[in-house]
């Protein structure tokens, strides 16, 4: 009796799986996500990572920065995204001041994983943040570090600017990358970092790197999904690309992004610093 073949379920994307992809030279695909409908679209496009970013403060809420986003809001959006996902690794941003010391970070991470359904939390910076990463990692909480342009530090940085252009800054970023890796971070986002520096960091740290405005030398790429679809008002960031152009649906645009990242055609030199 003839029966239609049953599609083999796609395996869950896990922390060990991402490390294996780095080792094998397989590019990692990631996008931000803020609700169940987009999460389901990311699922169908076979994305590796969905990040519930505090960027929702700007692209969803219309805020001027990510700083007003609260932990309650992050838990809410994370729960919504988790309902639409099955296989991608779900990462949740720890919002501004939600990890200002180890006890607060523990409480925040507990809510994002236990209530929100996240599989990993993301924190910005190094320095004192290294102690937070170490404490979370020791308690088996997967952590994604974030270096370069760290949006929660926008006032300290003086705006959204490329980081690591000067030799001393580049050396500090390299040392910070090694520090967060040694502390137990499982993943590292590099934002608005010169491509040459990001490639060196990727080569010298054992954990996978995910670039946004950091060149093609990273182990993977991430974009804000609204930038990818050309929905973000105002000037489009240099490092992004409107994948909806030339395609007739959101699903086709997402599939084109995944294909471009895995093939190494995105980002190009025009998207890098």
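Three principal axis extents, largest first, for the C-alpha atoms of segment 151-258, in Å?
Result for segment 151-258: principal-axis Cα extents of 44, 31, 22 Å.
Counting DSSP beta bridges with both partners in the chain, what percentage is antiparallel, nearest 5? Each step should come with its number before you reach the end.
Details: 0 of 29 bridges.
Expressed as a percentage, antiparallel bridges in the chain total about 0.
So if I take the alpha carbon set of segment 15-271, get Rg, then get Rh from the Kirkwood formula, what is the Rg over Rh ratio? Don't skip to the end; give the middle numbers.
On the way: Rg = 16.6 Å, Rh = 17.9 Å.
Using only Cα positions, Rg/Rh for segment 15-271 is 0.93.
Say each of residue 171 and residue 67 gets a label point 7 Å from the Cα, pointing the same way as Cα to Cβ; how far apart are those two points in nm?
3.2
Taking other Cβ within 10 Å of each residue's Cβ, how do 122, 156 sort, fewest first? Please list the in-between numbers first.
Numbers: 122 24, 156 8.
With the sparsest Cβ surroundings first, the list reads 156, 122.
Can you give the alpha-carbon Rg of segment 38-109 over 2.2 N^0.38 Å, where N counts its residues? Please list the in-between numbers first.
Values: Rg = 12.9 Å, N = 72, 2.2 N^0.38 = 11.2 Å.
Dividing the Cα Rg of segment 38-109 by 2.2 N^0.38 Å gives 1.16.
Show that you can apply the helix-only estimate: for the chain, add -39,500 (n - 2.57) for every DSSP H stretch of four or more residues, divide by all residues, and state [θ] at 222 nm to the nearest 500.
On the way: 11 runs with 105 residues, N = 273.
It lands at -11000 deg cm²/dmol.
Cα centroid distance between segment 25-40 and segment 142-159, in Å?
First find each Cα centre; the distance between them is then 21 Å.
Report the equivalent ellipsoid semi-axes for segment 57-192 in whole Å, largest first, defined as the square roots of five times the eigenvalues of the gyration tensor built from alpha carbon atoms. The partial results should precede the final answer.
On the way: eigenvalues 114, 69, 35 Å².
The equivalent ellipsoid of segment 57-192 has semi-axes of 24, 19, 13 Å.
Counting other beta carbons within 10 Å of each Cβ, put 100, 161 in order, fewest first. Write down the numbers at each step before the final one.
Values: 100 14, 161 10.
With the fewest neighbours first, 100, 161 line up as 161, 100.
Sort 271, 247 so that the residue with the fewest other Cβ atoms within 10 Å of its own Cβ comes first and the one with the most comes last. Could the numbers behind the result be given before it?
Numbers: 271 21, 247 16.
Lowest count first: 247, 271.
Per 0.36 nm of contour for each residue apart, how much would the distance between residue 161 and residue 203 grow if the chain were fully extended, relative to their Cα-Cα spacing? List each step's numbers first, then the result.
Values: separation 42, 0.36 × 42 = 15.12 nm, distance 2.38 nm.
Additional length available on full extension: 12.7 nm.
Values in this text are rule-based calculations from the coordinates and carry no lab data. These numbers were taken from a predicted model, which means no experiment stands behind them. Don't worry about glycine lacking a Cβ; one is built from the backbone with ideal geometry, like all the others, and counts go over all protein chains shown.
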